[in-house]
Amino acid sequence: MTTAFEPVRVGRHTTRNRVVMSPMTRNRAYGGGGAPTPLMATYYAQRAGAGLIVTEGTQPSAEGQGYLNTPGLHTPEQIAGWRTVTDAVHAAGGLIFAQLMHTGRIGHPGNYYDQEAGLHPRGVSPVRAAGQITTAEGQRDFVEPRELTEDDLRRTIADFADAARNAVAAGFDGIELHGANGYLLHQFLASNTNTRTDGWGGDVAGRIRFVVEVVRATAEAIGADRVGLRISPSNPYNDIREDDHRAVYTALVAAIDPIGLAYLHVGEGPDTEFTPVLREKWSGTFVLNPFTPGGYTGPEALKLIETGATDLVAYGALALANPDLVERLRAGGPFNEPDYSKAYGGDESGYTDYPALPSA
């Protein structure tokens with residue numbers, strides 16, 4: 001029987017265990033222009049006991065930023081800042097992938113670092129998301145995005161490939177493409193956000209096209225065995241509706257499986273019966289963040305590795321609150337409770353001050 005505390009191959013790497021630290025936005029990239037800080041290096045290094053760390057969503061371009069104080073991977077300063085993070089994680093024996101996240105329509109003009117550039121959220125189609133977003137001036141409605149043109153699409157694909165190269169230059173072991181949770185790649189897949197009729201939308205083949213091309217471009221840039229993809233079928237987050245998600249994701253997996261990615265990361269949605277289908281169709285390493293409505297993933301999820309339902313389990317809240325999560329899982333607890341009032345922005349409080357278990 002395979003357990004969570006055994007190594008597993010993830011692309012060109014072998015993890016120490018099968019516990020993944022999920023990507024979690026923390027809004028603390030205060031280094032100027034989206035550059036990471038030494039405090040961020042401390043935060044990630046504290047959690048280097050995980051088999052794999054996937055960073056918070058990191059924009060591949062200035063235009064891809066949606067939230068306040070999120071980091072990027074498109075300037076020399078950002079690359080240098082991330083190098084301090086990866087060096088700290090590697091010094092602690094960890095493995096770390098950068099999550100590349102273009103937020104698409106989920107953003108606000110007031111949140112960009114360069115307020116003189118006249119940037120505006122870009123989307124698959126000019127369809128405004130319901131809801132609001134936090135800005136420096138408080139809560140504001142989402143705006144209608146400007147539709148990406150053909151040239152914009154080609155440039156955005158190139159931005160992802162360039163950011164993947166920048167991630168390697170910054171010392172990352174690989175990258176994860178964020179195709180979940182209602183951000184740009186997910187917006188191409190979803191029936192309510194993609195209303196295009198130009199070959200990048202319409203039928204299933206059109207709606208998966210952009211994601212497939214981004215996967216191919218980043219794989220060509222740094223090697224497929226250093227690229228992962230995160231998806232979240234049937235997840236309605238950020239005003240997403242997927243009327244035919246089973247057909248879409250079955251086609252997507254079939255299209256990208258031959259590329260030989262490091263892993264597929266499924267952020268499970270309400271259709272939990274579809275997860276085993278994806279597991280069966282995916283020939284590579286499988287990462288699962290289980291569906292836990294009203295709660296968060298706990299130690300019982302490790303049984304999913306033992307039964308073969310997944311190769312690795314991704315933890316969000318428990319990884320946030322427990323820097324020594326693997327040791328706590330091995331011991332069966334106890335676990336620190338996450339303080340969500342300090343999750344987004346701020347200083348070291350609720351970030352790097354969660355206690356570890358006393359040394360034996």
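The values are calculated or read from the model by the stated rules, or taken from the named source; none is laboratory data. This structure is a prediction, so every number in the text was calculated from the model and none was measured. Cβ: placed from backbone, ideal geometry, glycine included. Neighbour counts: every protein chain shown.
The residue pairs whose first member lies in the range 346-360 and is buried (at least 18 other Cβ atoms within 10 Å of the Cβ), whose second member is part of a loop (DSSP other than H, G, I, E, B) and aliphatic (A, V, I, L, M), and whose beta carbons are closer than 9 Å, counting only pairs six or more residues apart or on different chains, are 350/343; 351/343.
Which of the strands (runs of 3 or more DSSP E) contained wholly in the range 1-72 include at least 1 residues that are aliphatic (A, V, I, L, M), touching a strand residue (DSSP E or B) at 6+ places or on another chain (Cβ under 8 Å) and touching a residue at least 40 places away in the same chain (Cβ under 8 Å)?
Working: elements: 8-10, 13-15, 19-21, 52-58.
Because the criterion is at least 1 residues that are aliphatic (A, V, I, L, M), touching a strand residue (DSSP E or B) at 6+ places or on another chain (Cβ under 8 Å) and touching a residue at least 40 places away in the same chain (Cβ under 8 Å), the strands (runs of 3 or more DSSP E) in the range 1-72 that meet it are 8-10, 19-21, 52-58.
Residue selection: residue 83 fails the criterion of being in a loop (DSSP other than H, G, I, E, B), touching a Gly at 6+ places or on another chain (Cβ under 7 Å) and of a type in the set (Lys, Arg). Within the range 113-123, being modelled with pLDDT of 95 or more, under 28 Å from residue 201 (Cα atoms) and part of a loop (DSSP other than H, G, I, E, B) holds for 119, 120, 121.
Conditions (1) among the β-branched types (Val, Ile, Thr); (2) closer than 21 Å to residue 20 by Cβ; (3) over 25 Å from the mean Cα position of the chain (by Cα), marked per residue:
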| residue | (1), (2), (3) |
| --- | --- |
| 324 | no, yes, no |
| 327 | no, yes, no |
| 331 | no, yes, yes |
| 336 | no, yes, no |
| 342 | no, no, no |
| 346 | no, no, no |
| 353 | no, no, no |
| 356 | no, yes, yes |
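Mind checking whether some residue in the range 146-154 is out of contact with any Leu (no Cβ under 8 Å at 6 or more places or on another chain), charged (D, E, K, R), assigned to a helix (DSSP H, G or I) and surrounded by 19 or more Cβ atoms within 10 Å (Cβ to Cβ)? No, because not a single residue in the range 146-154 is out of contact with any Leu (no Cβ under 8 Å at 6 or more places or on another chain), charged (D, E, K, R), assigned to a helix (DSSP H, G or I) and surrounded by 19 or more Cβ atoms within 10 Å (Cβ to Cβ). Restricting attention to the range 1-51 and to residues that are more than 23 Å from residue 177 (Cα to Cα) and of a type in the set (A, V, I, L, M), the residue that is farthest from the chain's Cα centre (by Cα) turns out to be 1. When the residues of the range 262-292 are filtered to those that are among the hydroxyl-bearing types (Ser, Thr, Tyr) and part of a loop (DSSP other than H, G, I, E, B), the one that is surrounded by the fewest Cβ atoms within 10 Å (Cβ to Cβ) is 283.
Here the range 272-322 is the region considered, the condition is being under 18 Å from the mean Cα position of the chain (by Cα) and small (Gly, Ala, Ser), and the residue that is nearest to residue 225 (Cα to Cα) is 314. Out of all the residues in the range 124-142, is one or more crowded, with 24+ Cβ neighbours inside 10 Å, modelled with pLDDT of 95 or more, over 30 Å from residue 16 (Cα atoms) and under 22 Å from the mean Cα position of the chain (by Cα)? Yes - at least one qualifying residue is present in the range 124-142. The set of residues in the range 90-110 that are part of a loop (DSSP other than H, G, I, E, B) and either touching a residue at least 60 places away in the same chain (Cβ under 8 Å) or small (Gly, Ala, Ser) (or both) comprises 92, 93, 94, 95, 101, 102, 103, 104, 105, 106, 107. Pairing residues of the range 111-136 that are among the basic types (Lys, Arg) with residues that are part of a loop (DSSP other than H, G, I, E, B), at Cβ distances under 6 Å and at least 6 apart in sequence or on separate chains, gives 122/145; 122/148; 128/142; 128/144. Scan the range 1-43 residue by residue and report those that are surrounded by fewer than 20 Cβ atoms within 10 Å (Cβ to Cβ), under 18 Å from residue 100 (Cα atoms) and touching a Leu at 6+ places or on another chain (Cβ under 7 Å). Result: 24, 27.
Only one entry in 268, 306, 300, 280 is of a type in the set (D, E, K, R) and under 25 Å from residue 187 (Cβ atoms), namely 268.
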